[in-house]
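Just below is one structure, and these are the notes that go with it.
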Amino acid sequence: MIRVRFAPSPTGFLHIGNARTALFNYLFARKNKGIFILRIEDTDTERSKKEYEESIIEDLKWLGLSWDEGPDIGGLFGSYRQTERLHLYREYAEKLLSEGKAYKCWCTKDELEKRITDAKQKVAGYDNYCRNLTESQISRFKEEGRKPVIRFKVPEKDVVVNDIIRGSVIFEAGSLNDFVIMKSNNIPTFHFAVVIDDLTMKITHVIRGEDHLSNTPKHILIFESLGYTAPYFAHMSMTLGKDRTRLSKRHGATSVRQYRENGYLAEAMFNYLALLGWSSKDNQEIFSKDELIEQFSLQGCNKSNAIFDPVKLLWMHSQYMKMKSASEIFTLAIPFLKNVGFSDEKLQQNKEIIEKVIEMEKEKLKTLLDVPERTGYFITENVLWDPEIIKKFKSPNNKKIFSEIEQLLEIVEPFEKTKIEENIRKYCQDRNLKTSDVFHPLRFALTGQTKGAGLFELIELLGKQKSIKRIETFLKEIEK
RNA sequence: GCCCCCAUCGACUAGCGGCCUAGGUCACCACUCUUUCAAGGUGGUAGCGCCGGUUCGAUUCCGGCUGGGGGCGCCA
């Protein structure tokens, strides 16, 4: 049985790059009918926060991921929160200590710093000083009240990482120095905790970012020292920003939370992320979740880093918007409509008309955030006209046109789009007016917008009363 | 400084020695449709980083260089 995990540390919102890692793990698990595990790596007691754990879980669920074992649902191999498994790490550390595969290091920060710069070593970092301390040295350190860390005694041997995506990667002996596995506060470091957890949770495949490739020898060595074989590894390419540096604040929205708040649909994000660093052989771009699960393979993963392109995401997103029904979009857009001030009552009252407008505008809606902008003017009581644009329509001629159109609308029967169009076009012809000289100002008067749905269906939907009222108000406005 | 990974249009990618005059998607440009903004349709610009090998033949295999990314923490 294949078992994979996604192991975020709760030190911030779910990052897009991490979301992609989670997604690949998820796809791999589902494809192979395996188990997907969520594990919280909260051993950084300084930065970890419970709220972040909650938000990460929320965002993963929103994205459409589900797991079979995790901190929120439990499982046979729990706990799934590292701070709740501390006894385990201590147990294994003791074992290594007693077998002479690890040792206590009493060095202070200052001492370490000094020794490292003095030595000008090839390998940056610790010089394994505390490997061979005498009894008297140790008792002196104890008397001084020093709190030791536990370091792993790195054996002098080559380590080969057999990576599913990258092939075999060789790290030569001597490129690693003794690293800390237990901090002085008796909490494991990341390197130790991952191994113990992957071991005890029976993880079969470790799928993670390439930033961990260089750390993998450490993990393999720990597995071996404990008498186990390491799981399979697959190091996926990194997600970069436009300038080929790590995706960061500078590049705009970087957390899935932000995209969610900006009105993105989870399915589109899911689809886009899956295509970063992975592709099917047949040029397909739009995939349902099931298709993705069906077609995913680690062999299809690209080795080179991928740049996150919000523009392509947006295009893909608009494709998903088109696939949604008007009523689905309405429901999804409710929070965004409320954000601009429409009450629940108001929205429910106008549900039908909003859905009609959505139907009309659907092709143009790129995100849910566009919904209030493109439908709000239908249900608002007071249209707001941009004073700058109003200026353009202030001519006496326009006043005449508007009042005549008003009268014309008064008598159109039935009040539906073809009839309205017929009448207004005839009016233009009779007065020898260019249609565009009438259509554009009219749209602006009715909606306060210079863009939007087809003018005549817009008028029909607005209704006779509202249309006339708006023209009247607009006339007063341009008389000012 | 040492170690590791990577390298096809601006971006995501297909390509796994001859099917390549390098294909698709986004973006971009042009045309088209059109009462606006879009969307759509049609067409187009644009790429194998460089230098050496191997081979009858290299985008594809090997080496070097260059460039980009990552790691070397009592962060994860």
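The values are calculated or read from the model by the stated rules, or taken from the named source; none is laboratory data. Note that the coordinates shown come from a computational prediction; the quantities given were computed from them, not determined experimentally. As a convention, Cβ positions derive from the backbone with ideal geometry for all residues, glycine included, and neighbour counts pool all protein chains shown.
Can you tell me which residue is surrounded by the most Cβ atoms within 10 Å (Cβ to Cβ) among those in region A:50-71 that are touching a Leu at 6+ places or on another chain (Cβ under 8 Å) and closer than 20 Å to residue A:198 by Cβ? Ranking the qualifying residues of region A:50-71, first place goes to A:56.
Residue A:268 falls short on exactly one of the conditions (1) hydrophobic (A, V, I, L, M, F, W, C); (2) in a helix (DSSP H, G or I); (3) at pLDDT below 95, and that condition is (3).
Between A:394, A:464, which is within 22 Å of residue A:356 (Cα to Cα) and of a type in the set (D, E, K, R)?
When all the criteria are applied, what remains is A:464.
Cβ-Cβ contacts under 8 Å between residues 6 or more apart (or on different chains), taken from a first residue in region A:69-90 that is of a type in the set (Phe, Trp, Tyr) to a second residue that is more than 13 Å from RNA strand B (Cβ to nearest atom) and in a strand (DSSP E or B), are listed as A:77/A:37; A:77/A:69; A:80/A:37; A:80/A:38; A:80/A:69; A:80/A:70; A:80/A:74. Every test in (1) among the aromatic types (Phe, Trp, Tyr); (2) surrounded by fewer than 17 Cβ atoms within 10 Å (Cβ to Cβ); (3) touching a Cys at 6+ places or on another chain (Cβ under 6 Å) is passed by residue A:278 save one, and that test is (2). Residues in region A:85-109 that are within 10 Å of RNA strand B (Cβ to nearest atom) and surrounded by fewer than 19 Cβ atoms within 10 Å (Cβ to Cβ) were compared, and the one that is modelled with the highest pLDDT is A:108.
Let's see how each residue does on (1) acidic (Asp, Glu); (2) more than 29 Å from residue A:18 (Cα to Cα); (3) surrounded by 13 or more Cβ atoms within 10 Å (Cβ to Cβ); (4) touching a residue at least 12 places away in the same chain (Cβ under 8 Å):
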| site | (1), (2), (3), (4) |
| --- | --- |
| A:146 | no, yes, yes, yes |
| A:150 | no, yes, yes, yes |
| A:170 | no, no, no, yes |
| A:198 | yes, no, yes, yes |
| A:220 | no, no, yes, yes |
| A:231 | no, no, yes, yes |
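Out of all the residues in region A:376-398, is one or more under 25 Å from residue A:425 (Cβ atoms), without any contact (Cβ under 8 Å) to a residue 24 or more places away in the chain and polar (S, T, N, Q)? Looking through region A:376-398, at least one residue is under 25 Å from residue A:425 (Cβ atoms), without any contact (Cβ under 8 Å) to a residue 24 or more places away in the chain and polar (S, T, N, Q).
Against the list (1) in contact with a helix residue (DSSP H, G or I) (Cβ under 9 Å, 6 or more places away or on another chain); (2) more than 10 Å from RNA strand B (Cβ to nearest atom), the condition residue A:275 fails is (2).
Only one entry of A:175, A:139 meets the criterion of being within 13 Å of RNA strand B (Cβ to nearest atom), hydroxyl-bearing (Ser, Thr, Tyr) and over 26 Å from residue A:297 (Cβ atoms), and that entry is A:175.
Scanning region A:13-49 for residues that are surrounded by fewer than 18 Cβ atoms within 10 Å (Cβ to Cβ) and either in contact with a Pro (Cβ under 7 Å, 6 or more places away or on another chain) or at positive phi (or both) gives A:33, A:49. Of the residues making up region A:418-434, not one is assigned to a helix (DSSP H, G or I), loosely packed, with under 14 Cβ neighbours inside 10 Å and within 10 Å of RNA strand B (Cβ to nearest atom).
If you go through region A:142-172 and keep only what is on the phi > 0 side of the Ramachandran plot and more than 8 Å from RNA strand B (Cβ to nearest atom), you end up with just A:145. Being in a helix (DSSP H, G or I), among the polar types (S, T, N, Q) and within 27 Å of residue A:212 (Cα to Cα): is that true of residue A:299 here? In short, yes. Going by what's in this entry, would residue A:474 be described as within 48 Å of the chain's Cα centre (by Cα), under 29 Å from residue A:373 (Cβ atoms), more than 16 Å from RNA strand B (Cβ to nearest atom) and not in a loop (DSSP other than H, G, I, E, B)? Yes. Restricting to region A:281-323, name every residue that is near RNA strand B (Cβ under 8 Å from one of its atoms), among the hydroxyl-bearing types (Ser, Thr, Tyr) and surrounded by 15 or more Cβ atoms within 10 Å (Cβ to Cβ). Listed by number, the list holds a single entry, A:318.
In the list A:366, A:362, which residue meets the criterion of being basic (Lys, Arg), touching a residue at least 12 places away in the same chain (Cβ under 8 Å), farther than 18 Å from residue A:380 by Cα and assigned to a loop (DSSP other than H, G, I, E, B)?
Values: A:362 fails: assigned to a loop (DSSP other than H, G, I, E, B).
Answer to the check: A:366.
Considering each of A:332, A:313 in turn, give the residue that is touching a residue at least 60 places away in the same chain (Cβ under 8 Å), hydrophobic (A, V, I, L, M, F, W, C) and not in a loop (DSSP other than H, G, I, E, B). Working first, answer last.
On the way: A:313 fails: touching a residue at least 60 places away in the same chain (Cβ under 8 Å).
On inspection, the qualifying residue turns out to be A:332.
Conditions (1) in contact with a helix residue (DSSP H, G or I) (Cβ under 6 Å, 6 or more places away or on another chain); (2) in contact (Cβ under 8 Å) with a residue 40 or more places away in the chain, marked per residue:
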| site | (1), (2) |
| --- | --- |
| A:420 | yes, yes |
| A:426 | no, no |
| A:434 | no, no |
| A:439 | yes, no |
| A:453 | yes, yes |
